[in-house]
Each structure stands twice: as structure tokens, then as C-alpha cells.
Amino acid sequence: MEATPARARAYVVCVVLGALLCLRPLPTVHAPWWAVALLAALYAGCEQIARRRFAGTFYPVLLAAAFLLPPPAAALVPLPGALFSRVEQGSPWLRRSWRAAQLALAVWAAARVHWALGGRNAVVASDFPYALVPALAAVLAFCLVLTVLDGGILALAERVPLRRAWRGLFLRSLAPIGVHGLAGLMMAVLWRSPYGPVAALLVLLPMGVSWWVFAQYHRERAAHQATIRALVQAVDIKDGYTRGHSERVGQASMMIARELGMDDSRVELLRFAGILHDVGKLGVPTRLLRKDGPLTPEERRVIELHPEYGHEMVRGIGFLGEARAAVLHHHERLDGSGYPYGLLGSQIPESARVVAVADAFDAMTSTRSYRRARPVSVALEELSRCAGTQFDPLMVTALVRALGRCGWHPSVTADEVQSSIVFPPAPPVSSGMKG
Amino acid sequence: MPSPRPPVILTLIHTSALLLATTSLTLTLWTGLEERGVALAFGVLVAVGELSRWNGTTGLRETAPLGAAGALSYALLGADAGQPTHHGAFQVVTVVVAASLVGCVPHIARGQSGTPDHMARRVLTVGFAAVCFQPLYNQGVFRHWGGPAYALLLLALLSLTALCDAVLAAGLAHSRTGWPFGPLLRDELRGMLGIGSAVCATGAVMALAVAVVGLWALPVFSVPLLLTQLSFRRYAAVRTTYRQTIASLARSTEIAGYTPVGHARRVAALCQAVGRDLGLSEPDLTVLEYAALMHDIGQLSLVDPVPAGATSVLPAEEQRRIALLGGAVVRQTGVSPQVAAVVERQADPCREQPVSARIVRAVNAYEEKTRAGGPGGPLQALEELRLGTAGDYAPEVVEALARVLSRDCLTLPSAG
């Protein structure tokens, strides 16, 4: 990450000043200071564990503080946790003070809203269901402040358009923080009940477990995606050229799918289809794959078995769905002269028609042992010429449109890796995980 | 039943659960329900929890956390919005049984197995908690306890209940599969640290929260737990597809023509059985399974296949080279580095190997020799392994393998 721009630093300073302003009435506030200290220590402890074991922040303690304490005292609670948190990259003190100020402001706003709606009395008298109203309003305020501040820093430091940053952040954070808010409310009610803070602490346990499961899910998902890549890398051991090609075909398939207006899960599947389309080359003898020069008809027939080998490999992976059909049929042609089954027109699965175009496009625009790469425009002309006989015209026009809009920036370059076992690390599957 | 001995423990557990359930039902029908509104609310909660139960868990203990937490909190409920409640232990069991039965209907209709065991466990654990708590509470033993002490008492009771549940679960698994009881119990106890502790804490919190704010606490607190349940489900789903992908990766050597069809799967199944016999824990067994599935993957780097994919007859140096190549591939796959380490070290002399690598080596050699030997191959292969124990194969692993093979091949789990 590059150095933080000056305007972002100025923004952080402003936010810190704002937070200090919220804390100003502290000397005149009557608050149970032992509760403030206990909650602050609790938050710091949770934060330490959280940073080490999983990514994310633990809001129930903060929201419980907002429901229990007067606003300036509640704003104190996140400070120790944020100021002593570990920061991996960048300037640590800038990040820590940013985090502390941001959370202090958010908690203060939540506490203020809760206070104004009479939530405190509702919590003390455990007046349900009315207590839910100020709590939900407080959660909304909390979310809103976090989103506005986060969006601001994103816009200033990384030049993300402000409106897009705000909308995405707010919608994504609302549901998890809402759940944390319910847990925080339960904590606050139990804290003020005869059972005391001991019972309130018990609320944290299920929340922690839920959170751990969520982190576990993400870890397993990442491992799973790496394994999909490993399938391709297994081919790469035999045929050094495949990897870059697979990634690029995956990318082109994704562009076509998106242009056709498919939903996100289908787009993702088509990306996997593109990545995995040549996995069946594993079944082709290594000598044949590495052969220089023209192939005999018999050798060609052996190589043409690879879609079936590929399907054999991936058919056991349930979540791949229609991507499996794409692996089997990506060498079919619209006029029925393709292989393995010689399917005609609409008999060919849609996913396979997408991957076929992406595959041909990348084959033309990348350098192979027997010829140089052709420019993108020449390749598109060639694709348009074959549309209708070999390729689905719909897919070809979609690719032309998508390339016209975004251009072609393959993320992986076809590096010439000759040694059989050293591969560069694969790029991450998706730019960010949707929580 | 394929199991050689009659499942005494199974019958015992089922009979006592049935007995408890029928006694409670009869007694409750005789005396009538106390506080019907509360009973109905908890009944609905348990039924919803059961409805959202999932099946086919791999390494996940509690399949209906919401149902379990609801049932336990009803067992430990002492007050509703400040007013003491009067329901007894038998009413608790009755409500939980009725609600669970309602919630189970879709599962039974879909023909899923495992419902009787699940119900028996639920009835017995809830009965245990309720019998420990309700009679004493209704006699007013805890009336003079302070609030925090009361909360801690609930927690202690729930921990005892969880212990009882773990013993029941291990007993059931033991009599169903014939695997050793000790490691099963240890795995159950370890599994409890995760979702088990969440269920216990939620049970306690719900009981306390209902005592303070009344029945409104139930929906408020079910939402977080329902989300936990959902994320557990997603976790289970992604684990399943992950396993499928690993199995596909393992099949790549078969499709490439380096190893015979089904070899990796058979080695993995047998390795797991041997690992279980040696008392490996659940996470270790997963590492072992993945390593066994991928143990031959280094052969992909060979330009020409080894005859019949049999590595155990190659010179030691060549075996180690292939193992190292395999480890390098596995490191790329994103599975835990432990798996890669096992694959890498499968060809080392057995004294230097970790136990998982010893198991993979011995079982792989057994599988290859059995295949080469034709009829009578298994016995001959085992004999060869025993003779080779001085250097290549660890004696305790070979003995475990012999035990597993002589016990019953039918109880082998099918992998992949």
C-alpha cells in the first residue's frame, strides 16, 4: 500500500477532533465508572482474540455499552481496544487513532439516539417490546456513522466514488450489526437485572461461536478455491502453457456471462468453467502434450479425448453445476462438426458455447510455441467470421461489446515456465469476499 | 446389523429414552399443563429448531443448536417476567418430546436416518437437566441464592448436562460403528468446546432472559442463534464440496493413467479405519484422509508412468523423490500444510515419520501388494508388511491394519 495522501490524514485529524468533542462533557457526567472500565477491558480482550483468530470486529460489547451508559462515557469504551490493536501494515498510529475515533463517534451517536428515545428506562424496567425501538434506532445510527466515516476515507484515500462506497458499505453492514445489536440489547438487559454482569457475559459466548463459524466458513471457502486452482496446476505440471490460458479463459467467460446479464452465481460458475475447461489434458500422455511439430491423425484423436477426461474428473464436484457440461462440450461446434458428441446448435449447453468463444479468443491472442499472438481486433474479426458455423453469434457479440467497453487486461501473463514443479503463486480468485 | 456383538448400549439408551418419554406423557396428561403460554412458546421454539435441523454432518456435533438450546432453557426455566413458574420435570420432557416429534415429521418424511438416535439423546439430556433442576427449584431451595450465584448454578448444571450428552453420543456412535469408545468420547468432548458451549450458554441466557423480560426474550435471542445455525450449514456445505474437490484432484492420477482406478479412495478409507483404531482425533483423521487421497499426486510430474502406479516396489530414493514432488503439488492446493507434510514424508524410514505418514505408507503398500497378489493377495501382503516392519513399516500400524482387516471390512466408511 502506498503512503497515505495528505487529504486523508487531514480527514483523520478532523474525525479525531470530532471524537474529542464528544468526550468533552466527561467531567460533568455521572456514570458507573467500574462498568465503563469492565466493558472497555472486555472489548479490548475480544478485539485481541478477534484480530488473532479471525477477521472482523466484535460489536455486541460496544452496543451494550451504548445501551447502558450515558453517551460520553459509552464513547470511552472502544478506545483502549482500538488504541492497543495490532496493525499489520501502514503507519500504525494513524490507523489506530482513526479506528478509535471512528468507533467512539459511532458509539456516541448510538448512545445519544438510544438516550433520546428513552431506551435507558426501557432497559432498566425491561420494558419489552418497546425496548426494541430505541435499540434498533441506535443500531441504525451506529451503522450510519460507521458507513459515512468509512466511505469518506475510502473516497479520499483510494478514490472510490462516494455514493457507491456508501451504499455498498451500509447495506452490507446493516444485517450483521443488527444481529449484534440484539445481542447487545440482551446483554444490557441482563446486566441491569438481578443476575448482573455474569449473566451478561454469557451472551458473548454464542456470539463468539457464531463468529468463529463464519470465519471458519471463509477459511474453508478460500481453501476450496485454491483447490480448484490446484486441479489446473496439476495439468500445468504436464503442460506448462495451460495455467495462464485457463485463468484468461475464465476471465473472458466471466466477461461474456456478465454481458449477457446472468446473475452473479452463474457468472462465478462460468468463470470456474473457463478455468477448468482443459483439466482433461491430465489424461493425455505428457509426451504428446509436449510434442513439437505437427500431430498425426491418431495423436490428434487422443488429444481430442480431453473433454471427456475432464468431465470424468470434475463430475464428482457438485457445486460446479453447469460448469461440468461446459468442460465436456467446449469443443462442440454450432454446425455439429465438433467433438466429443457432435452436438448441433442449441443442443450445446449455453455454458459450453460461452467457454468455446472465450477459449478460441484466448488461443488467438496469446503466443504459442508454433505462432505469435494476434492483436485483439484481428481475433475478434476472426471470431465474427466463424460466428454461426463454429461459434454462437450471441456469445461473440457479447464478447465484442464487453471488450469494447472494458478492454482486454488479462491478469495473468503467459509466463514461460519450463521447470515442471516451480509455479508462481496463483492470484486470488475474487478480489474480495462477500460477507 | 454388520456389527458382530449385539448393540446392548444402543438398546439400553433407546429403551430408557422411550420409558422416560412415555412416563412423562402419561403423568402430564394426568395432571395437566402448568403455564400453557410458556409451554407453547418453548414448544414452538423447539419445533422450529428441529425443523431447521440438518443431516449428513461431517465432523459437526450438534445438528439442531436452536432446538437444543430451547429445550435446555425450558428445563432450567425458573421464572417468567419475574413470576416464578411451576412446571415440573415431566412437563419439560413432554413439551420437548411433542415439539421435537412435530419438528421431525419432514425429516422422517424425507426418509432421513439418524432420527431415533437424535431423539433419544434429546429426551435423555433434557430429562437429566430438568430432573436436576425443577424439583429443587419448585421446593424453593434456590430462593435465597443471589442473582449471580443463580446464573452460575445454571451454567454448572448445563455443563454437567453437556457432559452427559457427550457420553450418550459417544456410546451411540460406539455401538453403531464398533469404533473404540475412548477416542470417540474425546472427540465428542472436543466438539463441545465449539457449538456445544454456545448451546449451553444460550440455554442459560434464554432461561435468565425469560425470567427478566418474559417471553419476548425468545425471538430476540433466537435470531443470533438461527444465524449461527445458518453459518454452520454453509460451513458444512463448503466442507462437502471441498472434500469432493480433493477427491477429484486425487482422481487426476487415475485419469492420467498413473494409478489404478479407485486406488486413492480405497487407501483413504483404509487409512481412516486404521487411524481410528490407533485413536487419532477427528482433525488428525481429516488430515490423514486428505493426505491419503493425494498420496500419489507426485506421480503427475513423471513423464512416463510407473508400472501399475506401484511406488512401494521402487528404490527408496525414487520413492522419496516422488513423495517430495507430491508434497510440492499439495502445498499449492491450499489444504493445511500438515497434509503436505504427510505426503512429503510418506517414503521416509518409519522411525522418522509422524504417525499419519506411517499409516499412509503401510496402507498404500498393502493396497498395492494386495492388487498384485491376486486371490490370496491380502494375506500375503499383510505377511510381507509384517516382515518389513523392521525398517519400512511401523509395527504398531501394521498390527492396527491387521486388526481392522480382521474385524470387519463391511464397517469401512466409504470416502469420496
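Within the option set A:ALA230, A:ALA165, being in the same structural domain as A:VAL61 (by TED's automatic domain parsing) and either of a type in the set (A, V, I, L, M, F, W, C) or modelled with pLDDT of 85 or more (or both) holds for one residue only, A:ALA165.
Here's the yes/no breakdown for (1) β-branched (Val, Ile, Thr); (2) buried (at least 24 other Cβ atoms within 10 Å of the Cβ):
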{"residue": "A:ARG219", "(1), (2)": "no, no"}
{"residue": "A:ILE237", "(1), (2)": "yes, yes"}
{"residue": "A:LEU282", "(1), (2)": "no, yes"}
{"residue": "A:ARG287", "(1), (2)": "no, no"}
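Screening the range A:313-333 for residues that are in a helix (DSSP H, G or I) and within 11 Å of chain B (Cβ to nearest Cβ) and picking the one that is farthest from A:GLU268 (Cα to Cα) gives A:MET313. Inspect all residues belonging to the range A:187-203 and state whether any of them is of a type in the set (A, V, I, L, M, F, W, C), within 31 Å of the chain's Cα centre (by Cα), assigned to a helix (DSSP H, G or I) and not assigned by TED's automatic domain parsing to the domain that holds A:VAL15. Within the range A:187-203 (the criterion being of a type in the set (A, V, I, L, M, F, W, C), within 31 Å of the chain's Cα centre (by Cα), assigned to a helix (DSSP H, G or I) and not assigned by TED's automatic domain parsing to the domain that holds A:VAL15), the answer is yes, since at least one residue qualifies.
Here is a yes/no grid of residues against (1) touching a strand residue (DSSP E or B) at 6+ places or on another chain (Cβ under 9 Å); (2) more than 7 Å from chain B (Cβ to nearest Cβ); (3) among the β-branched types (Val, Ile, Thr):
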{"site": "A:PRO197", "(1), (2), (3)": "no, yes, no"}
{"site": "A:LEU204", "(1), (2), (3)": "no, yes, no"}
{"site": "A:GLY208", "(1), (2), (3)": "no, yes, no"}
{"site": "A:TRP211", "(1), (2), (3)": "no, yes, no"}
{"site": "A:HIS218", "(1), (2), (3)": "no, yes, no"}
{"site": "A:HIS224", "(1), (2), (3)": "no, no, no"}
{"site": "A:THR227", "(1), (2), (3)": "no, no, yes"}
{"site": "A:LEU231", "(1), (2), (3)": "no, no, no"}
{"site": "A:ASP236", "(1), (2), (3)": "no, yes, no"}
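Here B:LEU193 meets the list (1) more than 10 Å from chain A (Cβ to nearest Cβ); (2) farther than 30 Å from A:SER126 by Cβ almost entirely, failing just condition (1).
Among the residues making up the range B:81-96, those that are in contact with a Leu (Cβ under 7 Å, 6 or more places away or on another chain) and either farther than 14 Å from B:LEU27 by Cβ or of a type outside the set (S, T, N, Q) (or both) are B:THR85, B:PHE90, B:VAL93.
For residues that are of a type in the set (Ser, Thr, Tyr) and within 24 Å of the chain's Cα centre (by Cα), tally how many sit in the range A:68-97.
1
Return yes or no: is B:ARG345 within 14 Å of another protein chain (Cβ to nearest Cβ) and surrounded by 15 or more Cβ atoms within 10 Å (Cβ to Cβ)? Taking the combined requirement at face value, the residue does not satisfy it. Take the conditions at negative phi and modelled with pLDDT under 80 and apply them to A:ARG24. Does it pass? So A:ARG24 fails the test.
Taken over the range B:299-309, the criterion of being modelled with pLDDT of 75 or more and over 14 Å from A:LEU282 (Cβ atoms) is satisfied by B:VAL306 alone.
Against the test of being part of a helix (DSSP H, G or I) and either surrounded by 21 or more Cβ atoms within 10 Å (Cβ to Cβ) or of a type in the set (Gly, Ala, Ser) (or both), the options B:THR240, B:THR253 yield a single qualifying residue, B:THR253. The residues on offer are B:VAL330, B:VAL335, and the sole one that is touching a helix residue (DSSP H, G or I) at 6+ places or on another chain (Cβ under 9 Å), outside any loop (DSSP other than H, G, I, E, B) and under 20 Å from B:ALA269 (Cα atoms) is B:VAL330.
Taking the residues in the range B:109-159 that are charged (D, E, K, R) and touching a Leu at 6+ places or on another chain (Cβ under 8 Å) as candidates, determine which candidate is nearest to the other protein chains (Cβ to nearest Cβ). Checking each candidate, the answer is B:ARG121. Looking at the range A:162-170, can you tell me whether even one residue there is charged (D, E, K, R), in contact with a Lys or Arg (Cβ under 9 Å, 6 or more places away or on another chain), assigned to a helix (DSSP H, G or I) and over 21 Å from B:CYS200 (Cβ atoms)? Scanning the range A:162-170, I find no residue that is charged (D, E, K, R), in contact with a Lys or Arg (Cβ under 9 Å, 6 or more places away or on another chain), assigned to a helix (DSSP H, G or I) and over 21 Å from B:CYS200 (Cβ atoms), so the answer is no. Across the range A:203-217, the qualifying residues are those that are over 15 Å from B:VAL223 (Cβ atoms) and modelled with pLDDT of 80 or more, and the one among them that is surrounded by the most Cβ atoms within 10 Å (Cβ to Cβ) is A:LEU204.
Please verify whether the range B:223-231 includes one or more residues that are modelled with pLDDT of 80 or more and closer than 29 Å to B:MET206 by Cβ.
Yes; the residues of the range B:223-231 include at least one that is modelled with pLDDT of 80 or more and closer than 29 Å to B:MET206 by Cβ.
When the range B:90-146 is limited to residues that are basic (Lys, Arg) and at pLDDT below 80, the one that is surrounded by the fewest Cβ atoms within 10 Å (Cβ to Cβ) turns out to be B:ARG110.
Okay, residues lined up against (1) in a helix (DSSP H, G or I); (2) basic (Lys, Arg); (3) free of Cβ contacts under 8 Å to residues at least 40 places away in the same chain:
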residue: B:ALA129; (1), (2), (3): yes, no, no
residue: B:CYS132; (1), (2), (3): yes, no, yes
residue: B:PHE142; (1), (2), (3): no, no, no
residue: B:ALA151; (1), (2), (3): yes, no, no
residue: B:LEU155; (1), (2), (3): yes, no, no
residue: B:LEU168; (1), (2), (3): yes, no, no
residue: B:HIS174; (1), (2), (3): yes, no, no
residue: B:TRP179; (1), (2), (3): no, no, no
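Scanning the range B:327-360 for residues that are within 19 Å of B:VAL306 (Cβ to Cβ) and either in contact with an Asp or Glu (Cβ under 7 Å, 6 or more places away or on another chain) or of a type in the set (Val, Ile, Thr) (or both) turns up B:GLY327, B:VAL329, B:VAL330, B:VAL343, B:VAL360. Checking the structure you have, find out if any residue of the range B:256-267 is of a type in the set (S, T, N, Q) and in a helix (DSSP H, G or I). No, the range B:256-267 contains no residue that is of a type in the set (S, T, N, Q) and in a helix (DSSP H, G or I). Are there any pairs with C-beta distances below 9 angstrom linking a residue in the range B:323-334 that is farther than 10 Å from A:THR227 by Cβ and within 7 Å of chain A (Cβ to nearest Cβ) to a residue that is at pLDDT 80 or above and surrounded by fewer than 24 Cβ atoms within 10 Å (Cβ to Cβ), with the two at least 6 apart or on different chains, and if so which? Pairs that qualify, where the first residue is farther than 10 Å from A:THR227 by Cβ and within 7 Å of chain A (Cβ to nearest Cβ) and the partner is at pLDDT 80 or above and surrounded by fewer than 24 Cβ atoms within 10 Å (Cβ to Cβ), are B:LEU325/B:GLN299; B:ALA328/B:ALA340; B:ALA328/B:GLU344; B:VAL329/B:ALA340. For the residues B:VAL303, B:VAL261, the requirement of being touching a helix residue (DSSP H, G or I) at 6+ places or on another chain (Cβ under 7 Å), surrounded by fewer than 18 Cβ atoms within 10 Å (Cβ to Cβ) and within 9 Å of another protein chain (Cβ to nearest Cβ) singles out B:VAL303. Candidates are the residues of the range A:238-261 that are in contact (Cβ under 8 Å) with a residue 24 or more places away in the chain and more than 26 Å from A:GLY283 (Cα to Cα); the one that is nearest to the other protein chains (Cβ to nearest Cβ) is A:ALA257.
Show the residue pairs meeting these rules: Cβ distance below 6 Å; 6+ apart or different chains; first residue within the range B:347-375 and assigned by TED's automatic domain parsing to the domain that holds B:GLN299 and under 17 Å from B:LEU293 (Cα atoms); second residue among the small types (Gly, Ala, Ser) and modelled with pLDDT under 85. Taking only residues 6 or more apart or on different chains, the pairs are B:ARG358/B:ALA394; B:ALA365/B:SER312; B:TYR366/B:ALA381; B:GLU368/B:ALA310; B:GLU368/B:SER312.
Under the condition of being charged (D, E, K, R) and assigned to a helix (DSSP H, G or I), which residue from the range B:23-54 is farthest from B:VAL105 (Cα to Cα)?
B:ARG36
Of all residues in the range B:228-250, those satisfying the criterion of being among the aliphatic types (A, V, I, L, M) and under 12 Å from A:PHE214 (Cβ atoms) are B:LEU230, B:VAL238.
The values are calculated or read from the model by the stated rules, or taken from the named source; none is laboratory data. Just so it is clear, the model here is predicted, and its values are computed rather than measured. Cβ atoms come from the backbone with ideal geometry, glycine included; neighbour counts cover every protein chain shown.
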